[in-house]
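Coordinate-derived values only; no laboratory data. These figures come from a predicted structure and were not determined experimentally. Every residue, glycine as well, gets a Cβ built from its backbone with ideal geometry; the counts of neighbours run over all protein chains shown.
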Amino acid sequence: MLRQPRMWHLGIFLSALLALALVAGCAGTAGQPSAPTKSTSEQQSAKPAQEKPEPTKPAQATPSAKPTPAQAAQPAQEQPKAQPTAKPEVQADVAFYNGKTVSFIVATKPGGGYDAYARLVAPYLQKYLPGSTVLVKNVEGAGHIIGANTIYAAPADGLTLGTFNKGLIVSQLAGMEGIKFDLAKFVWIANAATEPRAMVVTAKGPYKTVEDLIAAPEVKMGGAGVGSESSNDALMAAAILGFKVKMINGYAGQEADLAMMRGEIDGQIGTYSSMKPLIEQGEARAILIIGKEDVAGVPNLRQKAPAEKKALVDLMESQAQLARVIAATPGIPEGRAKALRDAVKKAFADPELLAKAQQAGLPINYMSGEETGDLVRAALDQKPEVIQLIKDIVTKK
Amino acid sequence: MRARLLNGPTLFAAFFVVLFAGAIIVAFTYNVRARGAPLVISIPGLVLMLGWLATEIRTGGAATLRRKHDREVAISGEGQDSVSAPAKGKETSNIRKLPVPRALPELDPFLWVTGLLVLIWILGFQIAMPLFMFLYVKVRSREGWMLSIVLTVAAWAVAYFVFGHVLRIPLYEGIIAQQFLR
Amino acid sequence: MVEASLQGLAAVFVWPNFGLMILGALIGMTVGFIPGIGGNFFLAMMIPFVFGMNPYAAFALLLGGHAVVHTGGAISALLFNTPGTGPNAATCFDGYPLVKKGQTGRAMGVAMTASAVGGVFGAAVMIGVIPIVRPIVMAFGPPEFFMMIMVGIACIAFLGGSTPVKGLAVGALGLLLSMVGQDPSTGVVRYGFGLLDLWGGVNQVLVVIGLFAISEMINLALKGGSIADQMAAKVSGGLTTGMLDVFRHWWLNLRCAVIGVVIGLIPGLGGEAAGFLAYGHAVQSSKTPEKFGTGMIEGLLAPESAHNSKEGGALVTTVAFGVPGSSGMAILLGAFLILGITPGPKMMTEHLPLVFNMAWTIAIANIFGAAVGLALANQMAKLTYLRGSILVPLVLLFAILGGYGVRNSMFDLVIVLFFGVVGYYMKKYDYPPAPLIMGLVLGKMAETNLNMAMDLYGVEFIFRPITFVLLLVILFIVGLPLVKATRAAFGKRGVTSAGTTA
């Protein structure tokens, strides 16, 4: 029945595969935003660049170790390297990006929130850096650490930036192994959104106020795993407010929602927007809000927290503020940093992007790179006893 | 005596034993809760493999090899198993194999696969894929020029079009490109 | 209800919905075929197009593709022992050996048909299950998950072939491997040896690519010949035989489809496990468990059925609760938002025709995908007769690209290589590979759920009704063969028999 195949069988098979792929690809280019200035140059970066690569090692001399929130002008990004322009007012070096490929690293696998924001902004970043190609690259692993490491260790030429979980601030404070970056030293490009976090409890449960929690013998909170954001938040909240928490870790994704519905656990902490459906369905009740926004009828952590825990409260609030950070490799030339920042700023002001974001349910509250960097450095500046507390929390059972 | 110990099946069983033993030892460096499951798994595993290792040593590995042959005969029912059947046609005789020790003919393909990874690591997918295809098809399999070039171009095209343009998955560019061509 | 159902069905055939479904299915199958990138990538890729579409059109595209990703993945699993998607690893266990025997046509027939049947079943059940989904999902928590996974693990014992000891040891190794990485209950990184890349554990796709595809290519490179070496076996028939096989084993098919739906339905188990649990069930319920791994039809149709039916189950939970049953569903949820639809109980009242439409789309896309696969089967089968000298580099590159694609990581390729070598020796010295994969997939899940069950309820969790029943099932599964073997051993005491019993 089946005779020996000829080479042309193989040829047909490969061509069919390629054809199918090309069809999908053409459909793919149709999804680009309006007036994209797509370069006709090649995608691959192994191109004999017109520019000689800068001597690349990231700046050890970045004097930004001491964070001062009251910094007005550009955060300390000066390097003792050769600069194209040594003017006090730095020009955005947009021309550099013409014909280049920019890697936008996402520290998660495809399909999560960080991925969604990255894929939302990438085409517009490309639009505002004319001639460039922005490729989204998923580098997942070790709870965003590998992705952040990748951005940090990339050549400091301004062609790599990315997004990761600001929970790494807590991880860095706790001194987690495997961290090869210093968040204070990243070139912060922007923060795309602020997302207040909410502590919710089961609607059918006995707890209605924070005081109820404090009075209870034990509150079962659900989390993803020791050291994860959900777990750290719950433990920090417990440390601040003084209720006895029992962490039940192992709920991936939204399984904790179902656990709450089952009455298995008493509550969890997550972003307010992710808890909203549960609240609206009548399954959960918001008992506390963490963040600068206020939600009607729900007390804010700031109000309920005792004064001596202010440092921790600030830390938790900064986590809520820095919901979608974008950072670039330390030590990139100032002109390129400015170009990136400007392009991202314009992207997040682009009406098309904003419309898409709204449709997709992705909130956008743009915060500049400078402000983001200030917040990050402030959050990293903690007293030893706070750091010890965080260490205990992050590695606790 | 040496034959009993130094044959393939026995060595491989010993490898398993070492693996389980190592896992047990390392498990004790973790706290009580974390070590529970690994121990519950590795200790019986170790016991099982120790027993099997003893069998292999006793029979000098013959137990495995004989059973395998029997099973394959029973299943294929043709007195010929697909793994050890002599290949047909020009392939085996003509293939240019690497100079590996006679006892370890499998080193030849191992080295080719490792070589592929090294090539990718140094040169990146875009270059390594066509290069490997060419080297394998032309140099090892000794196919004709036409076929070799077609396949090489196909490999390059897949990397470039399918991954570069369609899927837009950036492929690793190799350390040379990373260090020197940025 | 019936009216809504017909409305939903009609919408499938309206242009452009129909065209979009076809397009989605073709792209979905292609993406599924390419190893390393799977269903989630397809969805993430397609979401941007969904803006501004009407819901029927959008779901035609998205679900049309999502439903058939595993069907495409089965093709690469069968032809090259390289699973196109994670769950298709189970397809390799008995599918590839069939191909090696020259029965590619039959294998494709079985795989495609079982996929279609499973998918249609899942879609059909979707509708029936919606009213009772809530009590079901509420009844299953970590204790029940633990027991279900233990049932699967118990089935591993049956995969040992002629030497149960080896099967069990390999299973133990698989379970051990799954422990690599950060433990959610304690935060401890086990067996990581300081390597960040191991924090998330050893990815099952990488192990399968190494163990199955790479080792097979090493074999081919060494011995020459082609994948399908025995031309004589083609007499046993092709596509139609395979298709009929599925109906011959209809009862098993049904059971596996049910397993798939249940697992898809209940978030917390992870869809990955569906195919493996179905495979385990097929092995354990067969009269000749030792033959699995050599090309048993049941071994091929079980996982294929389950992983297509699970999509129907997962969709139900997503739609009815607004809680995604898998990461793919989480992405789909994003699509709901874009389209302005809020999943949850409201969907049943406001958008019932749409819900039916989704079920119909999945069913019809499955049939379409299977048809495409079957149509291509004969041509694809020819590839398996290509000589190894050309095929080996092709498949190697294919597999390596896949291994890289899982996480864009070069380190992962080292894992692939390692398991390629290990796989070669395992095959040479007659250690069955399937238990390794099953242990790898199921191990950590079992442990995590056990820890959670203990944290939540203490040891008494065993006495929860469903948990207890499952425990009895496990005892039965494991106990029965033991009892039989003991009886046989005692009955034959004093009489030496030539063969050995388990």
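Assuming 0.36 nm per residue, please report the length gained on full extension of the stretch residue A:359 to residue A:295 beyond their Cα-Cα distance.
Values: separation 64, 0.36 × 64 = 23.04 nm, distance 2.24 nm.
Here the answer is 20.8 nm.
Sorting C:326, C:305, A:230, A:274 from the fewest to the most surrounding beta carbons within 10 angstrom yields A:274, A:230, C:326, C:305. Using label points projected 7 Å from each Cα along Cα→Cβ, tell me how many nm separate residue C:132 and residue C:337, to one decimal. Between residue C:132 and residue C:337, the simple spin-label model gives 3.4 nm.
Direction-averaged projected area, Cα convex hull, the protein assembly as shown: 42.7 nm², rounded to one decimal.
When the Cα positions of A:134, A:162, A:188 are compared along the charge dipole of region A:107-212, A:134 comes out farthest toward the positive end, with charges on each C-beta of Lys, Arg, Asp and Glu. Each listed q (0.13 Å⁻¹) maps to a log10 I(q)/I(0) for chain C, found by the Debye formula over equal Cα scatterers with no solvent: -1.26.
What is the ratio of the Cα radius of gyration of region C:233-327 to 2.2 N^0.38 Å, with N the residue count, to two decimals?
In units of the globular-protein estimate, region C:233-327 measures up at 1.20.
Put a plus charge on the Cβ of each Lys and Arg, a minus charge on the Cβ of each Asp and Glu, and nothing anywhere else: the dipole of region C:2-493 about its Cα centre is then about 1320 debye. Rounded to the nearest 0.05, what FRET efficiency do residue A:215 and residue A:303 give with R0 = 22 Å and r taken as the Cβ-Cβ distance? Could you check? Calculated value: 0.75.
Electrostatic tally near residue C:408: other residues with Cβ closer than 13 Å to its Cβ, Lys and Arg +1, Asp and Glu -1, net -1.
If packing is taken as the average number of other Cβ atoms within 10 Å across a peptide's residues, how do C:39-46, B:172-179, B:94-101, B:25-32 rank, most packed first?
C:39-46, B:172-179, B:25-32, B:94-101
Legend: residue pairs C:223/C:291; B:97/C:444; A:166/A:220; A:180/A:304, Cα-Cα distance threshold 31 Å; pairs beyond threshold, B:97/C:444; A:180/A:304.
For the peptide B:144-152, the mean number of other protein chain Cβ atoms found within 10 angstrom of a residue's Cβ is 2. Taking label positions 7 Å along the Cα-Cβ direction at both residue B:66 and residue C:7, the computed distance is 7.3 nm, reported to one decimal. Other protein chain C-beta atoms within 10 Å of residue C-beta, averaged over A:385-392: 0. Helix screen, chain C: DSSP H segments with Cα axial length of 27 Å or more and mean Kyte-Doolittle hydropathy at least 1.6 are C:388-407, C:465-491.
Relative contact order for chain C: what is it in percent, counting Cα pairs under 8 Å that are at least 6 residues apart? Value for chain C: 29 percent. The residues neighbouring residue A:292, those whose beta-carbon lies less than 14 Å from its own, together hold a net charge of -4 under the Lys/Arg +1, Asp/Glu -1 convention. Charge dipole (Cα centre; +1 on Lys/Arg Cβ, -1 on Asp/Glu Cβ; no other charges) of the protein assembly as shown amounts to roughly 2740 debye. Annotation for residue C:475 and residue A:386: the two label points, set 7 Å from Cα along the Cα-Cβ direction, are 5.6 nm apart.
Partner shielding of C:423-434 amounts to 4, given as the average count of beta-carbon atoms from other chains within 10 Å of each residue beta-carbon.
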